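Structure first, then comments.
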């Protein structure tokens, strides 16, 4: 649990923003368009999120976000 909370603390504002948008079922293309960046940039952020949070899927990201209060149901 402590390790998981520490991982949350290392997320940047942009990573948190992207995590919230992923949790709203937005695609990389939709997120990129909304934020005015390239799809490649969003994919890089996704990769960082997977690595930092030690999850392997979008479902894992969403579960993490809900569990840690980053998003609400």
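The values are calculated or read from the model by the stated rules, or taken from the named source; none is laboratory data. Since the structure is predicted, the reported quantities are computational estimates derived from the model, not experimental observations. Note that we place each Cβ from the backbone using ideal geometry, even for glycine, and neighbour counts take in every protein chain shown.
Okay, here's what the table says:
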{"read-out": "Enumerated helices (runs of 4 or more DSSP H) restricted to the chain, each holding at least 2 residues that are at pLDDT 95 or above and touching a helix residue (DSSP H, G or I) at 6+ places or on another chain (Cβ under 9 Å)", "value": "13-23, 28-35, 39-53, 58-67"}
{"read-out": "Tabulated pairs, region 37-64, first touching a residue at least 24 places away in the same chain (Cβ under 8 Å), second surrounded by fewer than 12 Cβ atoms within 10 Å (Cβ to Cβ) and in a helix (DSSP H, G or I), C-beta under 9 angstrom, 6+ apart or interchain", "value": "42/29; 54/3"}
{"read-out": "Flag for residue 58 being under 13 Å from the mean Cα position of the chain (by Cα) and buried (at least 16 other Cβ atoms within 10 Å of the Cβ)", "value": "no"}
